[in-house]
Amino acid sequence: MGIVLVRIDDRLIHGQIVENWMKLLKINHLIVINDFVASDQMQKALFSMAIPDHTKISILTIAQAREAILNGQFREDRAMLLFISPQDVLNLINKGVKIKEVNIGGMHYSPGKKQILRAISVSKEDIQAFQELDRLGVRLEARMVPDDEKIDIMEIIKRETEKE
Amino acid sequence: MIGLIVVTHGDFGRQLIKAAQVILGEQKEVWALSLYEKDGLETLRERIGKILKEGNEQSEGKIIFVDMVGGTPANASLKFVNDKKVEIISGVNLPMLIAGMNYRQSFPLKELARLIRQKGKESILDVKQKFLDKVSKVKNK
C-alpha cells in the first residue's frame, strides 16, 4: 500500500493522530521527518511512548527519508508521513520524492505568523513554500480531523496575499 | 449506533465530551448529564430515563459512564440495572470515552463495555517510569 497520508502538523504525534487518523486509515507505520527531531533522543522517546504498541515508528532526517522512500522501504506498510513545516515537504520533493497530496493539520501561532484558519498560522516563508508546492502540482488540503471540511489552503493564501 | 451517556458531578462530563470531540471531531448519539447542588437523585434518574428512551426500539443499546461508584450519578444509573440494553461503567476518563466513540460501531454492547473498562485500566500509568524506559531503549538501539 505504501504511503497513505502525508501531513503537516507541528505537534507531530498527538491525540488526533493516534486516536483518529491512524485508526481511520489503518496506519501501521508512522514516519516523522525532520532533521532536528531525528537527532533528539528525548523527542524520540516521547513519540515512541505516544503510539500504540503494535505500531512502527521511524524518526528520520530528510536525507534518510529520501533514501528509505526511494528504496521502497515502506511499500508493504500503510505509512503516514508527518512533517513540521511545508519547507520540509518541499525539501523532500526537491530531492526527488514524489508527493501528490498534503494534508495540513496544524501549524501553530507564534509571533510574526499570521493566523489564516482555526489551527493554521503561517509565516512568509511558509507561504512561499506552499506557493512553490502548488506550482509543482501538489494538492494542499487543510483539515484537522477527518470529519472536518476539506479546505483548499491555496485559496485562503491567495485571499490573504491579495489583501496586503 | 450504541449511544454514550456521561453522567457526572458538575460539568465534568460535558467538558470531557468536548475534549474527546477536539480529538475525534463532532460525535452523534452522545449525551452529558451534570449533577448540580440543586439536583436530587430522582431528577437525575428521570433525566437518564428520558435519554434511554430516545430511539430505544432500534437502538443497539447505550453505555452510561459515571464518575465514581457511590456518587449520585452512579446511584441514579442503578435504577436501570435490569435493562439489558444498558451497560454502566464507572471512573470515566478521556481514553475510555474515546474508546467508546471509536469502537461503538465495531462491537456489540457488552464487548464494547469490556473494551472500554480495559482501556481505562491501561490508561493509568507511571508516566515518568514509562518515559525513562523508552529513553533507555532508544539509547541502546
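Coordinate-derived values only; no laboratory data. Computed from a predicted structure; not experimentally measured. FYI the Cβ positions are ideal-geometry reconstructions off the backbone, even for glycines, and counts take in every protein chain you see.
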**Fill in**
Extension length gain for A:MET1 and A:THR61 (0.36 nm per residue less Cα distance), in nm, is 19.3 nm
**Item:** Globularity ratio of the protein assembly as shown, using Cα Rg and 2.2 N^0.38 Å
**Value:** 1.17
**Request:** Treat every Asp and Glu Cβ in chain B as -1 and every Lys and Arg Cβ as +1, leave all other atoms uncharged, and give the resulting dipole magnitude about the Cα centre to the nearest 20 debye.
**Result:** 700
**Request:** Return one number: the angle in degrees, 0 to 90 and rounded to the nearest 10, between the long axis of the Cα atoms of helix B:109-122 and the longest principal axis of the Cα atoms of chain B.
**Result:** 40
**Cut-off 17 Å, label 7 Å out along Cα→Cβ of B:LYS85, residues of the range B:16-49 by amide N** = B:29-31, B:47-49
**Fill in**
Inter-part gap, Cα centre of the range B:1-37 to Cα centre of the range A:32-50, in whole angstrom, is 33
**Message:** Nothing charged except the Cβ atoms of Lys and Arg (+1) and of Asp and Glu (-1): what's the magnitude of the dipole of chain A about its Cα centre? Round to the nearest 20 debye.
**Reply:** 200
**Request:** Treating the angle as unsigned and between 0 and 90°, give the value, to the nearest 10°, between the Cα long axis of helix A:41-50 and the longest Cα principal axis of chain A.
**Result:** 80
**Message:** Using a Förster radius of 22 Å, what is the FRET efficiency between B:ASP133 and B:LEU94 based on their Cβ-Cβ separation? Nearest 0.05, please.
**Reply:** 0.45
**Item:** Note, ³J(HN,Hα) from phi for the range A:108-113, Karplus 6.51, -1.76, 1.60, rounded to Hz, x at Gly and Pro
**Value:** 8, 6, 8, x, x, 9
**Request:** State, as an integer percentage, the relative contact order of chain A based on alpha-carbon contacts under 8 Å between residues 6 or more apart.
**Result:** 27
**Request:** Give, rounded to the nearest 20 debye, the magnitude of the charge dipole that the protein assembly as shown has about its Cα centre when Lys and Arg contribute +1 at Cβ and Asp and Glu contribute -1 at Cβ.
**Result:** 660
**Prompt:** Could you give the distance between the Cα centres of the range B:95-109 and the range B:116-132, to the whole Å?
**Reply:** 18
**Message:** What do you get for the angle between helix B:94-103 and the principal long axis of chain B? Use alpha-carbon atoms, 0 to 90 degrees, nearest ten.
**Reply:** 80
**Prompt:** Quick one: if you stick a label point 7 Å off each Cα along the C-beta vector at B:PHE107 and A:LYS23, how many nm between them?
**Reply:** 1.1
**Cβ-derived FRET efficiency at R0 45 Å, A:ASP147 paired with B:THR43, nearest 0.05** = 0.85
**Item:** Cα-based shape type of the range A:1-120, given that a ≥ b ≥ c are square roots of the gyration tensor eigenvalues and the cut on a/c is 1.5
**Value:** rounded
**Asked** Cα centroids of the range A:75-110 and the range A:7-29: how far apart, whole angstrom?
**Response** 13
